[in-house]
Structure formats: C-alpha cells, structure tokens
1. How many residues does the stretch 487-519 contain that are in contact (Cβ under 8 Å) with a residue 40 or more places away in the chain and in a helix (DSSP H, G or I)?
2. Residues in the stretch 665-684: is at least one on the phi > 0 side of the Ramachandran plot and assigned to a strand (DSSP E or B)?
3. Residue 595 - would you say it is under 29 Å from residue 570 (Cα atoms), at pLDDT below 95, touching a strand residue (DSSP E or B) at 6+ places or on another chain (Cβ under 6 Å) and surrounded by fewer than 22 Cβ atoms within 10 Å (Cβ to Cβ)?
4. State yes or no: is residue 548 assigned to a loop (DSSP other than H, G, I, E, B) and touching a strand residue (DSSP E or B) at 6+ places or on another chain (Cβ under 6 Å)?
5. I'd like the full set of residues that are outside any strand (DSSP E or B) and either at pLDDT below 95 or closer than 30 Å to residue 284 by Cβ (or both), limited to the stretch 429-448.
6. May I ask you to list pairs of residues, at least six apart or on different chains, whose Cβ atoms are under 8 Å apart, with the first in the stretch 293-317 being at pLDDT below 90 and the second being surrounded by fewer than 11 Cβ atoms within 10 Å (Cβ to Cβ) and not in a helix (DSSP H, G or I)?
7. What is the number of the single condition among (1) surrounded by fewer than 20 Cβ atoms within 10 Å (Cβ to Cβ); (2) modelled with pLDDT of 95 or more that residue 333 does not meet?
8. Residue by residue through the stretch 414-428, note down the ones that are surrounded by fewer than 24 Cβ atoms within 10 Å (Cβ to Cβ) and not in a loop (DSSP other than H, G, I, E, B).
C-alpha cells in the first residue's frame, strides 16, 4: 500500500497580461478544477498565488466559490505562502511576516479554513524559514528531494515527512519526489502507477509527494490536447487512481500529517530544486555541473545525491540588474516601514509587496529577469511605494545603495529619481518617473548563458527545430521559435547604463552604423567610459563629476602628444534635474578638456539605454525624428536607424502615457538599435526585446589647453499621475488618505 499527495501550484506573477492569464485559465486551471469536481474521491492540495486569486475574483467570479466548495467537502486543501509569491528569504523580516499573514488570512476568508501548509516560491529554502513559517501559523511546506538529499536523506527514505526547527519553532517538510515530477504527466499513466507500486509497502506507511506547477497540465506547449483532449491524460490518471484505490490512496498533505508521525529530524541546508541550483551558477560552471549530474545519474552513481549547484542568492552576484532591483526593494521597504500608520502606508506597503513578486529576482527556464514586462511591472510597484513614502520629492543623497562597497548618488528631482554609478563611469543606472511609474533605464545586459551553448550545440548537430506534435518536458529538448537564433548571440562589454561616454576615432566612427554599434565593433580611445569618477559638486538636484585620463590614438603621434600617441584629457560630466512632477527634465552636459599640447580630434558617443516596452514592433512605442523644421513619421522603438545631423528627436510609449523630447546641442549624429537577448522558456528558445540603445554622436576638434562641450536635455511629458488617480479614487470611495 502507498499514499499519494498531489499538490498543484497555480501561479501568476504581478504584471502578467490579462489575456495570458485567460488562456491559462481555459487551458489548465479550469479543466483541473472541473476534473477534481468530477472525481470527488481524488484528494489534493491546491495553491493559488495572490495575483491569480485577484484575477479570478475579477474575471471568473464563480471560480473562488468553486474552490471553496472543494475545500468544504473535504476533498481539497488550500496552501498558503507569501501573498504575492515572493522569494521569502530575500525579504526583510517584517515583509516576510506580512506576506505570509496576508495569504493565511485571505485563504481563510475564501474557504473558512486557515491553511496549514505554505508553498515556497521556487522552493527557495533557507533554515530560518522554519521559524518564520511556523510563527505565521503554518505547519508544513513542500520541498524537493534535492533539499532532502542535502540533509543526507537517502532516496529510499524520501517517502514521508521530516521535521526541521529554528529558534524554537518546528516545521514539517514534504519532499516532492523527482521521479513523480518527471513522470507526471509526461509518461503513460501505467508507468506512473507502476512507479508507485514499486515503492508500496505492506504497512502503507509511505507517501509519494508530487508538488509541481499546475500550468504543465494544459498550458505548456502541446499539453492541452494531451492532458484534456483526445489523449485525456489527466482523466485517465484520475480514473486509474480510483481503480487502484485498494492499495493506492490519494491524500491531502495535512491528512498525512494527522495520520503518520515524521520519519525523523533533519537539517535542510539552503537550496532549491536542482534546476534552479544549476541556473544560479555561472555559465561554464553550470555546464560542468549539468554534465556531472547527468553522467552520475546515467551510471546510477550514488555520488549523484551529493552534487550541489549554487544557491538562489548567487543571482544577485551574477546579474547586476537583479542586485539593483533587490537593493531598490530593500531601500523602499525601509522607507515604507518608517511611514506613520494610516491608509497611505497600507497602500505603499501593498505596492511594495507587489514589487516583491519573485519572477524577476532570478532567471531560468520558467521565468526571470529577462522578461521585460514583468521587470517593468515590479519596478513600477517599487516606484509607487517610494513615491507614497516620500510624500513628494525624493531626497538626494550619496551612499552605497547597491552594497558593493562603493558609493552611488541618488538624485531626487521633480517627479523623478536618478541613480548614478560613480565607480562605473558616472553613468545612470536607474531613471524612474514617479507620476507614470515608468523605469526608463530598465534594460538588460546581453551576456553569455549556459543555454546558449546548448542552443549552438543543437544547431551544429541539426537537432534544433520547431515544436513537434507530442508534448515533451522542456528540460529534454531544444525547441526554437525562430530559426537562426544563434546569429543574435551578441554579448555586451559593459552593463547597460545611460550617459556612457565613448571617445571614438573619427575616421572609424564614420563607418559605425546601427549594426556595428549593436555588435560593439569599435574600441574606445580613452579610459573615460567605465572608470571611477570623482564628485566635484553635489548640490540638491545637480551633480558634477570629473575624471582625468588619457586618450590613445594609433597611427602616429601628433605634435605635442604624449608618448605612444597619448593625450592627457579630462572629462567633466554634469547631470541636473529640473521641471515639474508631470514634466520632469534631465540635462547631461559632457565637457572634454584637452590637456595635451596639440589639437585633438575625436567623436563623442554618448550612449543611452531606454525601456519603452517596444518589443514585437509594438505600435505604441515609437521614435519621432526631426531636424529643424523637418519632421519624419514615427518609427518603431525596437527598430534601427541612423541620421547624420539632428538637433532633436522624440520617443515614447502611448500606452504608458510617456513622451520624451531630446534636445541636442550642437546638432548630432543619432544612431539607434534594439537590444535583444536569446533566452529559453517552456515554449522554446526565442528572441526577447530588452530595450533600445540610443547613441548621440558629436565630432569634436579640441585645441590644446581648451575644452569643448556637448549637451542633451530630455524633457518628459506624462499623460497620467497615477498617485493622484489613486488618491481621487480613494476619496470617491470614502477611504481616508492616511
């Protein structure tokens, strides 16, 4: 005899498109709900994330009642967790507790029963969670067999529960058996039944836990027909479970806790599911780990269970963008915590918690920082929370915001905040608009990934291609949504920042168009781009930076030049904020000083990276080009172009309600191109638009001992002030402003 606990984790992140969730409802969530209703003897656990429950209440109003009915008849139990599905270990203690408590209370309101179990986002576990989950009223969580192996639990001992404790609190843990996760629903039903039969015992004191994504039952590519159509995998599976009920029983996880004692006490180290620990490693190390683990498993080597990848926190070290997001979240959390009690603080806290939704705090097959829409959504929520907490203009200050041991400057101005990285060329790492809540500079760097080598190897072997008719696990195949993707494997030499200064050889620069700049087929003549800058002035909304360096030019030495064709040069960069809340302005003035004894000719390329959600030729995101009285029609923001002489251009997104007019002095050559990465998902390898690069280019001739300057002024127009809209809505509903 043996028992089986099925836990279906149904999740949607903050910021996902409504039409996407509608499709998932139709293809996965609704069919599974109906299947459980048709098979009342099948016991299960269900977990719905807060954003999904909010969507169901608004768009499928009958669904919450149907879920509650399944609970009331004793067939299903609902699991809790963090309401907006954060990575709990990433949060300050107060936010951990608030997220857990809200989910607990919302589930009780929905079905009248407090949840006893907590689902962990991405099964990211650290020992301190035993205390935090138990303190919030939870009795158990579901981990993976990978976690338990790290606690020296042998495979044959996985079939039950264990207890862990921390700071005087105890928690039960289930280990989701990998064999079941990889069999269900990918293999024929008889194979699943036979797998369970092999692990059954005469006393029936074994439990198989299958806890996994509900979306793989109909929403993943090619699984709808397989699970619910002519193949009817789920219907056949449930029927088989009913037919084998004499020795195979389905149970809710809490039923098992009530019926059977734990198998023992263990100490589970920091971990996640094995794929996540692979994704957390640097590319080369991830490939080594993958091959070592695969080889050990093929040979049934007992050493396989001792192989460990990285931990979730490694994503903050691997991806500057994730670290920036995480540290911005911590900064905002501190500000919200310092607010006085009241409705305003409640609103700010909700925005903060929405900004903690986990998908963009890591990267892997099923989500991650590469998803620009979700990245922008999370940042937008953090901008909203900080705006509420600041109560007006955000204060300017210099500090080590990203916790790398080096200072940054946070400039606060009317309706905007700008983060300047002093140690990396005095560049802008974040430019956030408060009224519209748009993170203008949220653009991801193109970098090597382990999956890129998987793609190129499959292309070379001729095994990469479109999806077939039969569903396969996304772990097992190289499916491409577009042939020739390997051509887009281009990697950036630098982080994607704005206001980055390149000094280029004028003769070579003349031949640099969008393709060459995108592929970074150029060399900087000077050491002024990504090197540390000193603060000369920080006063209110103005920051003046300086770096002294050298410009090197091959092909001869001019009169008065330093040895080996070098000029002593200095670059002064002034950043100044002005304007109003709805129409903030940012000015950057770059002044190049020639400290040599001869004339210096160079091209200043001032590089910017902007996020306008322009992927897929989105007509709402655009460039508008003009020079003098001549205007050109709008062009897509994810396109490429090159204009030799312009005094200004505009760009924006009509859906976001943002327009930016750039005024150039003197006239400049303007070149732009999209920034696209190649990533993988359950649907296959694909190109993903991350943002657009804008190069403002001026040829300069600077006499010995003299200086020359170039300027760009960005004037922003925002159609909406979302804080005012929320305040007006609250006032209309009689909610005090706090």
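The values are calculated or read from the model by the stated rules, or taken from the named source; none is laboratory data. As the structure is a prediction and not an experimental result, all values here were calculated from the model. Heads up, the Cβs are rebuilt from the backbone with ideal geometry, glycines too, and the neighbour counts pull from every protein chain shown.
1. 7
2. Just the residues of the stretch 665-684 that are on the phi > 0 side of the Ramachandran plot, to begin with: 684.
Going one step further and asking which of them are assigned to a strand (DSSP E or B), we end up with 684.
Yes: one or more hits.
3. Details: under 29 Å from residue 570 (Cα atoms): yes; at pLDDT below 95: yes; touching a strand residue (DSSP E or B) at 6+ places or on another chain (Cβ under 6 Å): yes; surrounded by fewer than 22 Cβ atoms within 10 Å (Cβ to Cβ): yes.
Considered against the rule, which asks whether it is under 29 Å from residue 570 (Cα atoms), at pLDDT below 95, touching a strand residue (DSSP E or B) at 6+ places or on another chain (Cβ under 6 Å) and surrounded by fewer than 22 Cβ atoms within 10 Å (Cβ to Cβ), residue 595 comes out as yes.
4. When the stated conditions are applied, residue 548 does not pass them.
5. Step one: list which residues in the stretch 429-448 are outside any strand (DSSP E or B), which gives 434-437, 440-448.
Hits for the stretch 429-448 are 441, 442, 443, 444, 445, 446, 447, 448.
6. As it stands, the answer is 305/154, since those pairs meet every condition given.
7. Residue 333 satisfies every listed condition except (1).
8. Of everything in the stretch 414-428, those that are surrounded by fewer than 24 Cβ atoms within 10 Å (Cβ to Cβ) and not in a loop (DSSP other than H, G, I, E, B) turn out to be 419, 422, 423, 424, 428.
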